[in-house]
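In what follows, a single structure is set out as structure tokens and then discussed.
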Amino acid sequence: MGDSVVASNRGDFKVFESRDDLATSLADYVAGLSKSATEGRGSFTVVLSGGSLINALRKLTEPPYLDSVDWGRWHVFWVDERVVAKNHPDSNYKLAYDNFLSKVPVVPGHVYAINDSLSAEAAAEDYETVLRQLAKTGILDASKGGDFPTFDLMLLGIGPDGHVASLFPGHPLLSEKEKWTTFIRDSPKPPPERITFTLPVINSAANIAVVVTGAGKAEALKKGLSDEVHDGLLPIQMVSPKSGNLTWFADKAAAVNIVS
Ligand SMILES: O=C(O)[C@H](O)[C@@H](O)[C@H](O)[C@H](O)COP(=O)(O)O
């Protein structure tokens with residue numbers, strides 16, 4: 001089943017009949033970006049979220065992608081992580097490893113998990129140090145000359161409240177302008193302690209894909225696509241790449257308020 005592309009001034013918006021169709025199109029999209037990045041700069045820097053996004057990546061673990069993607073050149077990061085041990089059921093690393101990364105030949109040394117032996121504050125600082133080092137070596141593209149690195153692809157989910165990464169509506173972290181990564185101790189979505197990329201890093205990406213499924217996200221998706229402000233902008237409304245591309249992948253249930 002094909003997708004339909006709906007006009008939006010918030011990037012390309014794609015709606016799919018089923019989650020399976022969405023997963024196939026998402027796999028094609030990721031594989032295409034991987035190909036151009038690896039043939040260009042020689043590495044593909046991809047940032048994962050937690051939650052349902054990981055399941056939406058499942059087709060990448062199957063043929064033809066399993067054999068055709070240049071997995072050895074992937075470098076994998078997390079847009080946010082819960083401050084728990086890597087083997088804890090709440091860990092975004094564990095979710096991604098069990099359901100995606102363990103099924104593809106990514107190089108273990110190219111998987112940048114957050115240090116789970118540190119406090120939230122120290123883990124956020126440590127992750128930023130790792131990123132800055134990778135920017136110096138050229139694995140992470142810092143050639144655009146700005147203060148923030150350019151990841152090839154940022155894969156985001158959204159919460160029913162319009163949050164992205166661990167950036168929640170009305171939270172002071174939304175106005176962070178300098179740091180690359182930061183931490184939160186009062187996340188309204190459990191667990192409360194998390195580390196997260198900041199909006200300037202997210203918006204510096206070359207490509208941002210927002211993946212939204214299920215009726216529970218219909219309202220958040222509608223708001224995310226609009227520029228109407230109620231009680232301040234929602235985090236998803238603040239996702240707006242500086243010079244990169246924004247692509248939405250939604251299933252029919254999530255897009256019910258957009259297409260009829
Ligand atoms: O660690 C997290 O909690 C996530 O990174 C978070 O930002 C997630 O992407 C959204 O909450 C959507 O999650 P669902 O797709 O599971 O609803």
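The values are calculated or read from the model by the stated rules, or taken from the named source; none is laboratory data. Computed from a predicted structure; not experimentally measured. Because the Cβ atoms are built from the backbone with ideal geometry, glycine has one as well, and the counts that use them run over all protein chains shown. Only protein heavy atoms, including side chains, enter the accessible area calculation; ligands, DNA and RNA are left aside. Shrake-Rupley method; radii C 1.70, N 1.55, O 1.52, S 1.80 Å.
Of everything listed in (1) at pLDDT 95 or above; (2) surrounded by fewer than 22 Cβ atoms within 10 Å (Cβ to Cβ), the single unmet condition for Gly146 is (1). Tell me, yes or no, whether the stretch 150-163 has at least one residue that is under 27 Å from Leu221 (Cβ atoms), open to solvent by 30 Å² or more (accessible area, probe 1.4 Å) and either within 16 Å of the ligand (Cβ to nearest atom) or charged (D, E, K, R) (or both). Yes, the conditions are met somewhere in the stretch 150-163. Residues considered: Lys35, Lys94. Of these, the only one that is surrounded by fewer than 21 Cβ atoms within 10 Å (Cβ to Cβ), within 15 Å of the ligand (Cβ to nearest atom) and either more than 27 Å from Pro160 (Cβ to Cβ) or without any contact (Cβ under 8 Å) to a residue 12 or more places away in the chain (or both) is Lys94. The conditions of being open to solvent by 10 Å² or more (accessible area, probe 1.4 Å) and within 16 Å of the ligand (Cβ to nearest atom) are met by Val84. For Lys242, the conditions (1) more than 17 Å from the chain's Cα centre (by Cα); (2) away from the ligand (no atom under 12 Å from the Cβ) all hold with the exception of (1).
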